[in-house]
Amino acid sequence: YLYRILAKKESQNIRGELFLKLSKEAENQASIWKAQIIKAGFTVPQKLHLSLRIKLIAFLIKTIGPKPIRTILAATKIRGMSIYTYPLPPTHEHPISIEEVGKRHTKSGTGQNLRAAIFGVNDGLVSNSALIFGMASAAAGSNEIVLISGISGLLAGAFSMAAGEYISVRSQREFFEYQIGLEAEELRLYPNEEAAELALIYQARGLPTSEAESLAKKIIQDPEIALDTLAKEELGIDPKQLASPYQAAFYSFISFSLGALCPLLPFFIYDGSKALELTAGLSALALISIGVAISLFTGKGAIRSAIRMLAIGAAACFITYIAGWALNYLLPMHASGVASSLVD
């Protein structure tokens with residue numbers, strides 16, 4: 001059902017032909033399941049009953065197209081989504097051997113870890129800088145309170161980031177493992193149909209039909225290579241490069257802690273306004289550096305990115321400083337008095 005909608009939506013290009021052929025392959029697979037159902041003594045449904053989820057996906061395909069929702073379609077076991085993630089230009093050198101298949105999917109994890117680390121440092125820097133400025137204003141110059149608040153903010157934020165990252169990456173990994181498991185089962189049940197689907201994907205990228213079919217058949221002969229290739233080409237997943245939730249949690253904890261420690265350092269050495277001034281200067285320098293680093297991933301101008309980061313960080317610190325100042329005078333008990341009692 002969804003393949004036909006995709007074929008209609010993409011009818012103006014070669015992708016439409018791919019999805020039309022995949023719909024026929026899906027019908028062939030359905031006939032296999034039909035025979036299994038009958039053999040098991042059950043009644044085969046005579047009418048297609050669409051779930052609300054499938055109706056919603058069909059609506060999204062018709063309205064915004066398949067590319068923006070390719071991850072949703074992949075989760076629904078729609079094949080060929082890698083044509084949107086890894087399109088081949090006309091001059092692209094097509095794979096001609098099993099060893100070359102999927103090479104473009106191989107990505108270095110270093111770049112992703114570096115990117116995550118930079119954003120983690122940024123989160124820690126901005127959040128703890130704002131907290132320190134707010135507490136410095138509310139606590140009326142109490143160095144102990146600022147230190148306690150800053151350290152608490154560092155630990156709470158770092159553990160929260162690590163826990164959130166662990167849950168996020170763990171859930172994503174389990175989802176990918178489930179998808180790969182389904183692919184392995186389908187490869188075991190009907191390898192010829194899987195080879196046909198793989199050949200169609202290569203054809204959609206411009207590989208001649210005979211070469212695509214020959215390459216697909218060679219790949220399917222080795223179950224390990226076949227599963228690896230099908231996961232890459234049909235699901236857009238590289239089984240060998242699934243992210244580690246423990247590593248993600250560790251990087252998040254360390255990067256956030258480093259960022260949060262930066263505005264806190266002056267208060268270990270100096271008191272009052274001098275410590276706050278040094279924090280402002282150190283935080284500003286760090287924000288500019290982060291802005292420049294982020295520009296490497298966004299492609300935007302380094303100066304523009306640096307100024308934007310500095311403005312965002314300064315605004316956060318200014319707002320919390322004013323809020324702390326206001327609370328110190330508006331609350332029935334001054335924040336400084338509450339802070340002093342907490343230290344005692």
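Rounded to the nearest 0.05, the FRET efficiency derived from the C-beta distance between Phe250 and Leu182 at R0 = 30 Å is 0.50.
Label separation (Tyr329 vs Ile269): 3.3 nm, computed from points 7 Å beyond Cα along the C-beta direction. Is the shape of segment 189-304 best called rounded, prolate or oblate, per the rule: a/c under 1.5 gives rounded, else a/b larger than b/c gives prolate, else oblate, with a ≥ b ≥ c the square roots of the Cα gyration tensor eigenvalues? Since a/c reaches 1.5 and a/b is larger than b/c, the shape of segment 189-304 is classed as prolate. Could you name the aspartates and glutamates in cross-link range of Lys274, using Cα to Cα under 18 Å and dropping any fewer than eight places away on the same chain? Partners found: Glu144. Counting 0.36 nm for each residue step from Ala311 to Ala156 and taking away their Cα separation leaves a gain of 53.3 nm. Name the residue farthest towards the positive end of the dipole of segment 216-303 from the options Ile254, Leu265, Ile290, assuming +1 on Cβ of Lys and Arg, -1 on Cβ of Asp and Glu, about the Cα centre. Looking along the dipole axis, the top candidate is Ile290.
Cross-link partners of Lys8 among lysines, defined as those whose alpha carbon lies under 30 angstrom from its own and excluding same-chain residues fewer than eight positions apart: Lys21, Lys24, Lys34, Lys47, Lys55, Lys62, Lys67, Lys77, Lys217, Lys232. Each label point was placed 7 Å from the Cα along the Cα-to-Cβ direction; for Phe175 and Gln241 their separation is 1.9 nm. Measuring with a 1.4 angstrom probe and ignoring ligands and nucleic acids, Ile312 comes out at about 90 Å² accessible.
Between the alpha-carbon centres of segment 281-296 and segment 135-194 there is a gap of 24 Å. Each residue of segment 191-205 is assigned a 3J(HN,Hα), and the resulting list reads x, 5, 5, 5, 5, 5, 5, 5, 4, 4, 5, 5, 5, 5, 8 Hz, derived from the Karplus form 6.51 cos²θ - 1.76 cosθ + 1.60 (θ = phi - 60°), x at Gly and Pro.
About the Cα centre of segment 226-323, what is the dipole size in debye to 20, counting +1 per Lys and Arg Cβ and -1 per Asp and Glu Cβ, all else neutral? Don't skip to the end; give the middle numbers.
Working: 6 positive and 6 negative charges, 67 e Å.
For segment 226-323, the charge dipole is close to 320 debye.
With the simple spin-label model, which puts each label point 7 Å out from Cα in the Cβ direction, the Leu50 to Asn143 separation comes to 7.0 nm.
The values are calculated or read from the model by the stated rules, or taken from the named source; none is laboratory data. No experiment lies behind these values; they were computed from the predicted model shown. So basically every Cβ, Gly included, is an ideal-geometry build from the backbone, and we count neighbours across all protein chains shown. Accessible surface is based on the protein model in full, side chains and every heavy atom, while ligands, DNA and RNA are left aside. Shrake-Rupley method; radii C 1.70, N 1.55, O 1.52, S 1.80 Å.
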